[in-house]
Structures are given as structure tokens and as C-alpha cells.
Amino acid sequence: MTAMTSLSLPPRRQVSSPSMSVERRTSGLLCSTSGGKVSIGKSFGVDIDHTRAMAPSRRSASAGVPVALFSGGKKQKFIKKEDEPKEYWQTADERSGKSPLLSPISTHLSIKLADVPSKALGDGSVYICVAPRQSRRWSPGNQRTRSVHMAAVDLSESTAVAETKLKLGSGLLKVVGDECKRDGGLAAAGMVQLFAHIQLAVKSVSSVVSRASLEGLMGYYEEVGDGGRGGGGGGGGGAERDKQKKLDVVANDIVKRVLADSGVVAALASEEDEEPVFVANGGEYVVVFDPLDGSRNIDASIPTGMIFGVYARIGTPSGSSSASTTEWSLANSLQPGSTLLAGGYALFSSATMLVLSLGHGTHGFTLDTSLGEFLLTHPNIQIPKRGQIYSVNDGRYFDWPQGLRNYIDDIRQGKGQNPKKYSARYICSLVADVHRTLLYGGIAMNPRSHLRLVYECNPMGFIVEQAGGKASDGKRRIVDIKPSKLHERLPLFLGSFDDVHELESYGDVQQVVNPGYQV
Ligand SMILES: O=P(O)(O)OC[C@H]1O[C@](O)(COP(=O)(O)O)[C@@H](O)[C@@H]1O
């Protein structure tokens with residue numbers, strides 16, 4: 001191991017050690033070996049300034065940034081403050097514990113590789129601290145643990161090996177292909193082809209979403225009426241709040257065109273359309289999707305998402321008329337979630353993420369914008385068995401049934417099965433609320449019949465179950481429910497297995513009073 005020298009990153013443009021250079025760029029820090037074998041930053045998408053700027057807490061950092069946590073050679077969440085090399089502290093006050101970490105990392109970061117526990121270096125890896133703790137306050141005498149985020153690179157092996165070790169180098173299509181091979185029944189080529197188009201649709205919508213205010217795409221598509229929104233009404237919401245946004249229309253158009261172009265889709269059903277669309281007789285798959293979830297958040301640049309589910313086609317249309325192909329597409333779109341071949345969502349937030357499952361666990365990919373590729377950053381996501389966060393629009397508290405009120409009252413006060421008091425987090429964007437729940441645990445819910453079984457509840461329930469969690473309508477397992485109509489709406493409760501199980505034990509949790517809320 002030749003790179004056991006200290007590596008410090010003063011606020012200068014470039015520093016080098018014999019085998020590694022670190023460049024400070026406006027967008028972050030780019031670390032690479034001078035031998036050109038391995039680089040961190042560009043190839044792996046680790047961007048230190050980005051981590052810090054976009055992720056004000058350790059939790060956010062781990063939600064959106066490809067970092068691995070190591071200490072003493074073992075993967076673990078925290079190291080004790082006293083185990084932490086003092087170089088990770090930023091100022092004298094922070095070192096003495098007088099103040100929390102405030103100053104920007106990039107101007108102070110100093111890493112001594114020699115300080116990294118020797119066990120961790122045994123395999124020739126260099127560990128680079130990409131996000132020294134910054135989320136927890138520490139005071140003298142307070143023994144609370146603090147987190148250190150580190151990325152590891154093996155300088156003694158090829159880039160490919162290092163990438164595998166980091167699990168950051170695997171592109172989405174490779175993972176989809178590998179997942180298909182695990183299941184002999186799946187037509188791997190078709191599924192890879194489909195995901196090539198799904199990820200293209202996601203990237204396209206992500207780009208449009210991020211540029212919406214620059215391109216005049218904020219606001220409603222039509223000032224009056226619901227703009228033809230497929231699922232409008234149905235007891236789910238007020239007419240005003242169900243109106244289509246311009247971006248709903250644009251995103252819907254993008255997804256339909258890109259997926260229809262894949263050559264492997266037989267029918268598409270969009271949350272934005274009244275009826276499914278028949279695409280082609282030869283297609284293997286039926287795709288259901290919500291092109292832009294949480295779109296009412298768009299004008300405030302709050303996270304939004306996309307949700308999709310993939311089914312195998314069943315049979316063939318009875319004729320070629322529009323009526324018979326539509327009828328066939330409808331029947332194919334009404335399959336229960338338990339038969340999903342794949343499902344997932346995209347999150348448009350500080351990072352664009354694509355989280356998917358093909359029935360062998362749930363995996364998260366982050367869009368490396370410098371490469372234009374989704375890289376595997378969250379392999380095999382496991383939702384904590386129990387969490388400490390609940391997510392619900394509790395402005396509706398007085399419309400809730402007693403069972404749900406009791407449940408929320410109990411967990412807020414630490415009187416539930418978990419003696420800890422729960423905190424509330426609600427973004428009002430299903431994808432974002434579920435994504436956080438998936439990573440941190442807890443329970444996310446919409447207790448009224450608002451979310452669509454076909455487009456929202458089933459794919460999200462599938463993803464959560466594949467991560468070891470539970471998804472329910474308060475009484476039944478979501479993916480077991482056979483949809484009776486395309487835009488059927490249900491209450492949805494999902495998250496950590498124990499939390500959802502506990503909620504169900506309160507019995508009366510579905511909100512039946514469901515007036516047309518205006519916001
Ligand atoms: O108004 P509520 O009941 O809090 O509903 C919010 C939920 O509605 C959604 O915006 C979806 O609603 P739409 O399907 O009408 O877009 C979710 O993203 C969010 O979780």
C-alpha cells in the first residue's frame with residue numbers, strides 16, 4: 001500500500017501526494033490517483049461539496065449520496081467521538097466541543113490516511129472521508145456518537161474491482177440484467193430493453209422538472225376544469241387541487257412516447273389518462289405509471305417523483321378495433337400488485353434517484369449527472385424493522401377515525417410499542433415520503449381513499465415489501481387487492497414492518513370522511 005501518506009485539502013486548487021491528487025473544483029472535490037487506476041468523484045459520483053451543500057444532515061447525506069460508512073475495518077454507522085481522528089474536526093471550538101460544526105468542509109478538510117484504522121487498510125484500500133459528521137451536536141462529557149462518512153477505493157486493484165467493492169460503479173442496466181438472470185422465468189433481454197427506456201424517460205422528466213421555472217412550465221395546464229385528468233374526482237380530492245399542472249402533461253407525454261418506443265410494451269396505463277393505451281401486439285409488458293407524483297409541489301421546487309409498475313401481458317386482444325384493444329389493455333392493467341414483474345419510482349430531488357425491484361430486493365441508483373448514468377448507490381435496501389418517524393397530513397386529524405387518532409397520539413407520546421416519541425415528517429409528495437421512510441424507517445400514510453391502487457399503492461407497496469417492510473390499506477395487504485377499476489383509490493399505510501403491523505392493531509384507521517380538500 002503506497003498511499004499511506006497524509007492527504008490534506010487546503011482551500012487551494014490542487015494538492016497532490018505521490019499516488020493521489022485531489023482537485024478542488026467549484027462543484028466539489030475530485031480525487032484521483034495519479035496512476036490513473038482509480039478515481040473518486042467523477043467515476044463514482046462522490047462529490048464532497050455536493051454532499052455537504054445538498055445534504056444538511058447525516059441522514060440526508062446517506063439518502064442521496066453514495067457514501068459508505070466504515071470504521072475499524074467493519075461497516076458500521078457511527079464511530080465514537082473519541083475514536084475520530086481530530087482532523088475530522090473543523091475548528092478549535094468544534095474540537096473542544098463548544099460549537100457544532102459550522103464551517104464549510106471544503107476549506108478545512110484534512111485527512112490523514114495514517115489515522116484510518118489499520119484493519120481497514122489491510123486489503124489495500126484507501127479510505128477517504130467524504131462527509132465528516134456535521135449533523136449531531138456534541139458537548140464535552142456528552143458521549144453521543146458522531147458519524148463519519150467515508151468512501152473506500154482499492155488502489156491495488158483494477159478500477160472494475162474497486163467499483164464492485166464500492167458498489168458505486170454498477171450501472172442500472174447491468175443490475176437489471178443480473179437480476180433477470182436470477183429468475184429464469186423472466187425474458188432478460190426484453191426487461192433490460194424496457195429499463196433502458198424507463199431510465200431514459202426518468203432522465204428526460206428529471207431534466208424538464210429541473211428546468212421548469214426557466215422554461216415557463218410552472219402552473220396549471222388549463223385555468224379551468226381538470227384538464228382531462230384521468231383519475232379526477234372519485235372522492236379523492238377537490239376539483240381545484242386535481243387540476244393538471246403543465247408538467248403533468250409534459251411528463252405524461254414524455255413517458256408514453258419513450259416507453260411506446262421501446263418495442264417491448266404492449267399497453268400503457270397512465271394516472272393522467274382516462275383509459276389505457278394499446279401500444280403493440282408483440283410487446284411483452286404492460287406498464288402502469290404516474291408520470292409526475294406530487295406535481296402540486298412543483299411551483300415551490302419541492303421534491304417530486306415518478307412511479308411505475310411492470311406486468312407481463314396476458315393473452316391477446318380479441319380483435320383489432322380500438323374498443324377491443326382498449327378493453328384488453330384495461331384488463332391487463334388491472335392485475336394485482338402481487339403479480340408485478342418489476343416496480344419502482346424515481347425521485348426528483350437534490351439528487352435524481354431511481355429505486356427499483358425485480359422481485360429480488362430493492363435497489364437504489366443515483367443519477368451521476370456528469371456521466372448521465374444511473375449508478376448503483378443503494379444496493380439491497382433494507383427498511384429498518386421499526387422507525388421513529390410518522391408521515392401523514394395531520395391537518396385532517398379531526399376527519400380521522402378514533403383508531404387512527406389513538407395510534408398517532410400514542411406514537412407521538414412514546415406510548416406505543418416503541419417507547420420513543422415519534423417525529424413527524426410530511427412532504428406531501430408520495431415518492432419523497434416513501435423514499436425517506438424506506439431509508440430511515442417509520443410509517444408513511446395517506447389514510448383517506450386518495451392514492452391510486454394501480455399507479456401508486458401497488459408499485460410502492462411492492463418496493464417496500466421487497467425492502468422488508470409492509471404495505472397495507474389498514475386492513476389488507478396492498479398487493480393482494482385486485483383492482484376493480486383503473487383509477488381506484490385507497491388508503492395507504494406503508495413502512496417499517498413493525499410500525500405498520502402496530503398501526504393495523506388499532507383497527508379503525510381508514511379515514512372515511514373524505515371531503516374535497518382544497519390544498
Ligand atoms: O392531500 P393529501 O391527502 O395529503 O395527499 C397528498 C398525496 O397526494 C399526492 O400528491 C398524489 O395526489 P395526486 O395523485 O392527485 O397527484 C401524493 O404525492 C401525496 O402523498
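The values are calculated or read from the model by the stated rules, or taken from the named source; none is laboratory data. All of these numbers come straight from a predicted model, not from anything done at the bench. Ideal geometry is used to build each Cβ from the backbone, glycine not excepted, and the neighbour counts take in all protein chains shown. Keep in mind that these areas ignore ligands, DNA and RNA; they rest on the heavy atoms of the full protein, side chains included. Shrake-Rupley method; radii C 1.70, N 1.55, O 1.52, S 1.80 Å.
Assuming R0 = 45 Å, what is the FRET efficiency of Arg257 and Gln382, from their Cβ-Cβ distance, to the nearest 0.05? Please list the in-between numbers first.
Values: r = 36 Å, r/R0 = 0.79.
E(calc), rounded to 0.05, equals 0.80.
Take the Cβ-Cβ distance between Lys420 and Asp299 as r, set R0 to 35 Å, and report the resulting FRET efficiency rounded to the nearest 0.05. Walk me through the intermediate numbers first.
Working: r = 36 Å, r/R0 = 1.03.
Using R0 = 35 Å, I get an efficiency of 0.45.
Using a 1.4 angstrom probe on heavy atoms only, work out the carbon and sulfur share of the accessible area of segment 389-504 in %. Before the final figure, lay out each step's value.
Details: 1780 of 3810 Å².
So the carbon and sulfur contribution to the accessible surface is 47 percent.
Stretched out fully, how many nm does the piece from Gln402 to Ala196 gain, at 0.36 nm a residue minus the Cα gap?
So the chain would gain 69.5 nm between Gln402 and Ala196.
7 Å from Cα along Cα→Cβ at both Asn393 and His360: what's the point-to-point distance in nm?
Reported label-point gap for Asn393 and His360 is 3.9 nm.
Say the dipole of segment 172-378 comes from +1 at the beta carbon of Lys and Arg and -1 at that of Asp and Glu; which of Met218, Leu367, Tyr345 then lies farthest toward its positive end?
The listed residue farthest towards the positive side: Leu367.
Going by average Cβ density within 10 Å per residue, which order do the peptides 248-258, 411-421, 460-470 take, highest to lowest?
In decreasing order of mean packing, 248-258, 411-421, 460-470 become 460-470, 248-258, 411-421.
Let me check the size of segment 316-384 from its C-alpha atoms; what are the radius of gyration and Dmax in Å?
Taking only Cα atoms of segment 316-384, I get Rg and Dmax of 17.4, 50 Å.
Full extension from Met218 to Arg477: what is 0.36 nm times the residue separation minus their Cα-Cα distance, to one decimal in nm? Please report the intermediate quantities before stating the final value.
Working: separation 259, 0.36 × 259 = 93.24 nm, distance 3.70 nm.
So the extension gain works out to 89.5 nm.
Summing Lys, Arg as +1 and Asp, Glu as -1, what charge do residues with Cβ under 12 Å from the Cβ of Arg476 carry, Arg476 excluded?
Numbers: positive: Lys470, Lys475, Arg477, Lys482; negative: Asp473, Asp480, Glu504.
Within the 12 Å Cβ shell, the charges total +1.
Which net charge results for the neighbourhood of Ala201, defined as the other residues with beta-carbon distances under 11 angstrom from its beta-carbon, given Lys and Arg at +1 and Asp and Glu at -1?
Working: positive: Lys203, Lys256, Arg257; negative: Asp253, Asp261.
Neighbour charge sum, excluding Ala201 itself: +1.
Could you tell me how far the Cα centroid of segment 306-324 sits from the Cα centroid of segment 438-455, in Å?
If we compute the Cα centre of each part, the gap is 27 Å.
For the pair Asp508 and Ser370, how long in nm is the line joining their label points, each one 7 Å along Cα→Cβ?
In this crude label model, Asp508 to Ser370 measures out at 5.8 nm.
Relative contact order for segment 172-378: what percent, with Cα pairs under 8 Å and sequence separation of 6 or more? If you can, show how the numbers build up before the last one.
On the way: 385 pairs, mean separation 32.7, N = 207.
Once divided by the residue count of segment 172-378, the mean separation gives 16 percent.
Please work out how much length the chain gains when fully extended from Tyr517 to Arg182, using 0.36 nm per residue of separation minus the C-alpha to C-alpha distance, in nm with one decimal.
On the way: separation 335, 0.36 × 335 = 120.60 nm, distance 4.57 nm.
Extra length from Tyr517 to Arg182 when fully extended: 116.0 nm.
Using only alpha carbon pairs under 8 Å that are at least six residues apart, calculate the relative contact order of segment 389-504 and give it in whole percent.
Details: 179 pairs, mean separation 31.9, N = 116.
Over segment 389-504, the number comes to 27 percent.
When ranked by the protection proxy of mean other Cβ atoms within 10 Å per residue, highest first, what sequence do the peptides 354-365, 290-301, 200-211 form? Spell out each step's value before the answer.
Details: 354-365: 22.9, 290-301: 21.4, 200-211: 19.8.
Top of the packing list down: 354-365, 290-301, 200-211.
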